[in-house]
């Protein structure tokens with residue numbers, strides 16, 4: 001479990017146990033259930049990226065919503081959007097190996113993460129990663145439920161594929177921008193796992 005999860009899980013679990021000891025069974029049961037759900041939400045499974053270093057892995061768990069042509073700073077490329085429900089793992093991982101050249105945090109709206117305008121208008125944190133094959137950018141995007149983006153890295157840090165870089169609490173979205181010439185391997189509707197599922201392949 002992610003370390004931050006303990007401070008969210010401990011209060012309802014402790015209060016639930018006290019309530020049960022006082023024979024307040026119904027509120028005690030609700031509090032215990034809530035605490036266990038928080039433990040489930042903050043789970044942090046071990047992930048091993050595929051051995052083929054040409055593969056770009058998903059930065060998060062969830063369902064592919066969009067694969068669209070979209071330029072970034074005048075450069076042609078594609079954006080892949082992944083929606084994370086409250087039942088998905090919310091730890092975010094680096095899709096490629098490289099060095100973080102910029103981290104751009106931007107305040108914004110809190111539209112439902114599955115809406116297209118969330119990509120451009122919601123609160124977000126963008127990682128720019130320079131790999132030996134080109135630049136990849138991915139965003140942590142807060143949704144209607146998720147109101148807290150957590151970043152564990154700094155500009156200048158080196159990362160490996162699948163390395164943990166942060167998380168978004170309680171439902172969210174991740175977008176990844178890939179430069180022209182990358183072969184996309186997924187389509188909308190597919191479910192992917194962060195750090196292990198291949199989204200694309202360097203040609």
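Bear in mind that the values in this text are calculations on the coordinates, not laboratory data. A quick note: this is a predicted structure, and the numbers were derived from the prediction, not measured. Cβ placement follows ideal geometry from the backbone for every residue including glycine, while neighbour counts extend to all protein chains displayed.
Tell me the Kirkwood radius of region 1-101: reciprocal of the mean inverse pair distance over distinct alpha-carbon atoms, in Å.
16.8 Å
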As a test of the formula, what do you get for the chain when each DSSP H run with n ≥ 4 contributes -39,500 (n - 2.57) and the sum is divided by the residue count, at 222 nm and rounded to the nearest 500 deg cm²/dmol?
-6000 deg cm²/dmol
So for each of 42-48, 163-169 I average, over its residues, the number of other beta carbons within 10 Å; can you give me the resulting order with the highest mean first?
163-169, 42-48
Once both label points are put 7 Å beyond Cα along the C-beta direction, the residue 54-residue 163 separation in nm becomes 2.5 nm
Modelling each spin label as a point 7 Å along the Cα-to-Cβ direction, I'd like the residue 106/residue 152 distance in nm, to one decimal.
2.6 nm
Figure the gain on full extension for residue 14 and residue 183 (residue separation times 0.36 nm, minus the Cα-Cα span) and round it to one decimal in nm.
55.8 nm
Between region 149-163 and region 75-90, what is the C-alpha centre distance in whole Å?
17 Å
Extension length gain for residue 22 and residue 1 (0.36 nm per residue less Cα distance), in nm, is 4.6 nm
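Using the beta-carbon distance between residue 99 and residue 30 and R0 = 41 Å, what value does 1/(1 + (r/R0)^6) give for FRET efficiency, to the nearest 0.05?
About 0.30, to the nearest 0.05.
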Calculate how steeply helix 5-21 sits against the longest principal axis of the alpha-carbon atoms of the chain, using the helix alpha-carbon long axis, and give the answer as 0 to 90 degrees to the nearest 10.
20 degrees
Over all Cα pairs of the chain, the Kirkwood radius sets Rh, and Rg/Rh then becomes 1.04
Pairwise label distance in nanometres, residue 190 with residue 66, each label 7 Å out on the Cα-Cβ vector
1.9 nm
Per its Cα gyration tensor (rounded if a/c is under 1.5, else prolate when a/b beats b/c, else oblate), region 133-203 is best filed as oblate
